[in-house]
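S.K.: This is the structure I have questions about; it appears just below.
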Ligand code: GLC
Ligand code: CA
């Protein structure tokens, strides 16, 4: 692929879930000053960009993804001055800040919605989707993303539409005045010196305006065909880009579920609506019973390769293992017995050199795991609560539900960051808003800073190598090709650019993998036989004439690239 090398193609992004990162004032909730205190940590880690989850004024029904004032920092997180200072202080350390842009919906406590409710004929009433029905019943049978109906009723009999919780009314993008308000706000923040945005749930902004009921067997259905990447959305996204992002040197990454391959270039191609979109195509699926098995590895490999072959040469993706909406990757990919330094570093190596920009979610770099939730009262997530109620009404067993949230609940990723073995893992001096994972005495930043071969050290080295000047071209423009596809349990790939080669070889299983040396020589070419650039074991074992990869051994090898300093933990 040709094209320019934009800075963000060689950046590593770190996601901060603000509420759980670092509390600075003892109220048990992470805040902007807390991030500022931790800037030295992030700089040392080597990340270039911090994505901060929403810090705007909010009633916190969905932890800030329900915004009641886009121009104000919520007092729980600090002040606008704290935000401006954070941008400046991060900048001094070479770190840029991106904010979460949540414009599919706002909060029902936003003054727009308040006015819209008070007066059916107000300008703001046009900023939302309201409906009345002849019989007073729900306008249709669409299910919301969080469970239950997409419609909620006002006292005066109007129904309003929400893709997510009833406290997150959808904004009506069909309304030009509303769009103008959004662009004004986006530009206002860009003028404050942020580098760009992670854009929330953006593929939902265009709906099938007939709002016709859908066919279904059990009353309600989540009809993606009517509201995800719906035809006509491109006009809104083009305008958004022209009116805002294009006017600044702005970096954007969109959460864009529902974008199929045929539309990928429009979203994330060279002149796409966004710099990149997240690649959700290969994340481990809910309900995987056979994780850690060779079959699961083969499935992951297939999806990963399909996606990479498609994306490289066409556009750009954000690649990630974790975010604030998912269980921890160690729990999703690995059985308990297989979770350790080697498997965690193998997963890290696997995605770090793909075609795309790597994202790290807070705590991933120290191998944080899911919590054990003993009762629904311990959970905080609004989606969990809505689903819980709905499923119980439908007769689901509460034990089964609790098990589901233990395995897949969003709270798993949102437990406080484990900084040390002090009380509350060093996150707060008060009572944390969500309970700290029980294992914080064994798994924490301080401990891993002191250990030589820790996951944290490994991530640091991985980040350093990913950003090596000598690899810049190959990481941006290098062709992606799968290697050793037939080797069960092994995931390997190559990036090629103008005679330079980078090879990633990962044994994604708890037993050794034996590879034929002839095969290795053929696929690895010049890189074979050379000392690996980097890896989670020292060297490669040769046994009985075979190349033996250790359980969860991961290595990165290179050919034609000289200027890289080999070091670190390998
Ligand atoms: C996105 C966010 C999620 C939030 C939802 C509604 O999916 O990542 O956390 O609940 O949008 O804003
Ligand atoms: Ca606080």
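Quick note: the coordinates plus some simple rules give every number you see, no bench work behind them. Keep in mind that what you see is a predicted model, and the values were worked out from it rather than measured. Don't worry about glycine lacking a Cβ; one is built from the backbone with ideal geometry, like all the others, and counts go over all protein chains shown.
A quick yes/no check of all residues on (1) out of contact with any strand residue (DSSP E or B) (no Cβ under 9 Å at 6 or more places or on another chain); (2) buried (at least 20 other Cβ atoms within 10 Å of the Cβ); (3) part of a loop (DSSP other than H, G, I, E, B); (4) on the phi > 0 side of the Ramachandran plot:
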| site | (1), (2), (3), (4) |
| --- | --- |
| 470 | no, no, no, no |
| 494 | no, yes, no, no |
| 519 | no, no, no, no |
| 532 | no, yes, yes, no |
| 538 | yes, no, yes, no |
| 558 | no, yes, no, no |
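S.K.: For residue 152, are the conditions met, namely being more than 30 Å from residue 95 (Cβ to Cβ), more than 16 Å from ligand 2 (Cβ to nearest atom) and without any contact (Cβ under 8 Å) to a residue 24 or more places away in the chain?
M.R.: Values: more than 30 Å from residue 95 (Cβ to Cβ): yes; more than 16 Å from ligand 2 (Cβ to nearest atom): yes; without any contact (Cβ under 8 Å) to a residue 24 or more places away in the chain: yes.
Taking the combined requirement at face value, the residue satisfies it.
S.K.: How many of the residues making up the range 475-492 are outside any loop (DSSP other than H, G, I, E, B) and out of contact with any helix residue (DSSP H, G or I) (no Cβ under 7 Å at 6 or more places or on another chain)? Explain how you work it out, then say what you get.
M.R.: Of the range 475-492, the ones outside any loop (DSSP other than H, G, I, E, B) are 475-477, 479-483, 490-492.
Filter again for out of contact with any helix residue (DSSP H, G or I) (no Cβ under 7 Å at 6 or more places or on another chain), leaving 477, 479, 481, 490, 492.
Looking only at that region, the number is 5.
S.K.: Separate question: Can you tell me which residues in the range 374-383 are crowded, with 20+ Cβ neighbours inside 10 Å and touching a helix residue (DSSP H, G or I) at 6+ places or on another chain (Cβ under 6 Å)?
M.R.: Across the range 374-383, the qualifying residues are 379, 381.
S.K.: Restricting to the range 297-342, give me the number of residues that are closer than 21 Å to residue 485 by Cα and free of Cβ contacts under 8 Å to residues at least 24 places away in the same chain.
M.R.: Total meeting the criteria: 3.
S.K.: I would also like to ask the following. Please verify whether residue 107 is within 13 Å of ligand 1 (Cβ to nearest atom) and touching a helix residue (DSSP H, G or I) at 6+ places or on another chain (Cβ under 6 Å), treating the condition exactly as stated. Spell out how you get there, then give the answer.
M.R.: Details: within 13 Å of ligand 1 (Cβ to nearest atom): yes; touching a helix residue (DSSP H, G or I) at 6+ places or on another chain (Cβ under 6 Å): no.
No.
S.K.: Something else: Test residue 176 against the stated conditions and say whether it is more than 22 Å from the chain's Cα centre (by Cα), within 16 Å of ligand 1 (Cβ to nearest atom) and more than 30 Å from residue 359 (Cβ to Cβ).
M.R.: Numbers: more than 22 Å from the chain's Cα centre (by Cα): yes; within 16 Å of ligand 1 (Cβ to nearest atom): no; more than 30 Å from residue 359 (Cβ to Cβ): yes.
When the stated conditions are applied, residue 176 does not pass them.
S.K.: Separate question: Take residue 59 and decide whether it is within 20 Å of residue 88 (Cβ to Cβ) and surrounded by fewer than 19 Cβ atoms within 10 Å (Cβ to Cβ). So that I can check it myself, show each step before the final result.
M.R.: Working: within 20 Å of residue 88 (Cβ to Cβ): no; surrounded by fewer than 19 Cβ atoms within 10 Å (Cβ to Cβ): yes.
The answer is no for residue 59.
S.K.: Let me ask something else about it. Might you check whether a residue that is touching a helix residue (DSSP H, G or I) at 6+ places or on another chain (Cβ under 6 Å), within 15 Å of ligand 1 (Cβ to nearest atom) and within 27 Å of residue 113 (Cβ to Cβ) occurs anywhere in the range 23-41?
M.R.: The answer is no; no qualifying residue exists.
S.K.: Give me the residue from the range 100-139 that is outside any loop (DSSP other than H, G, I, E, B) and surrounded by fewer than 13 Cβ atoms within 10 Å (Cβ to Cβ) and, out of that set, nearest to ligand 2 (Cβ to nearest atom).
M.R.: Applying the first criterion (outside any loop (DSSP other than H, G, I, E, B)) to the range 100-139 yields 100-101, 105, 111-118, 123-128, 130-131.
Pick out the ones that are also surrounded by fewer than 13 Cβ atoms within 10 Å (Cβ to Cβ) and you get 111, 118.
Numbers: 111: 26, 118: 34 Å.
Residue satisfying both the conditions and the ranking: 111.
S.K.: Identify the single condition in (1) assigned to a helix (DSSP H, G or I); (2) buried (at least 20 other Cβ atoms within 10 Å of the Cβ) that residue 403 does not satisfy, given that it satisfies every other one.
M.R.: Residue 403 satisfies all of (1) assigned to a helix (DSSP H, G or I); (2) buried (at least 20 other Cβ atoms within 10 Å of the Cβ) except (2).
S.K.: Another one. Residue 463: in contact (Cβ under 8 Å) with a residue 24 or more places away in the chain, crowded, with 19+ Cβ neighbours inside 10 Å and not in a loop (DSSP other than H, G, I, E, B), yes or no? I'd like the intermediate steps shown before the answer.
M.R.: Details: in contact (Cβ under 8 Å) with a residue 24 or more places away in the chain: yes; crowded, with 19+ Cβ neighbours inside 10 Å: yes; not in a loop (DSSP other than H, G, I, E, B): yes.
Yes; evaluated as a whole, the condition is true for this residue.
S.K.: Right, something else. So how many residues does the range 305-358 have that are within 23 Å of residue 447 (Cα to Cα), touching a strand residue (DSSP E or B) at 6+ places or on another chain (Cβ under 6 Å) and in a loop (DSSP other than H, G, I, E, B)?
M.R.: Number satisfying all stated conditions: 1.
S.K.: Step by step: first the residues of the range 433-460, then only those that are in contact (Cβ under 8 Å) with a residue 60 or more places away in the chain, over 23 Å from the mean Cα position of the chain (by Cα) and part of a loop (DSSP other than H, G, I, E, B), then the one that is surrounded by the fewest Cβ atoms within 10 Å (Cβ to Cβ). Which residue is that? Break it down stepwise before answering.
M.R.: First, the residues of the range 433-460 that are in contact (Cβ under 8 Å) with a residue 60 or more places away in the chain: 433-435, 437-439, 443-445, 448, 452-460.
From the residues that got through so far, the ones that are over 23 Å from the mean Cα position of the chain (by Cα) too are 438-439, 448, 452-454.
Right, trim to part of a loop (DSSP other than H, G, I, E, B) and you get 452-454.
On the way: 452: 7, 453: 13, 454: 21.
Among residues in the range 433-460 that are in contact (Cβ under 8 Å) with a residue 60 or more places away in the chain, over 23 Å from the mean Cα position of the chain (by Cα) and part of a loop (DSSP other than H, G, I, E, B), the one surrounded by the fewest Cβ atoms within 10 Å (Cβ to Cβ) is 452.
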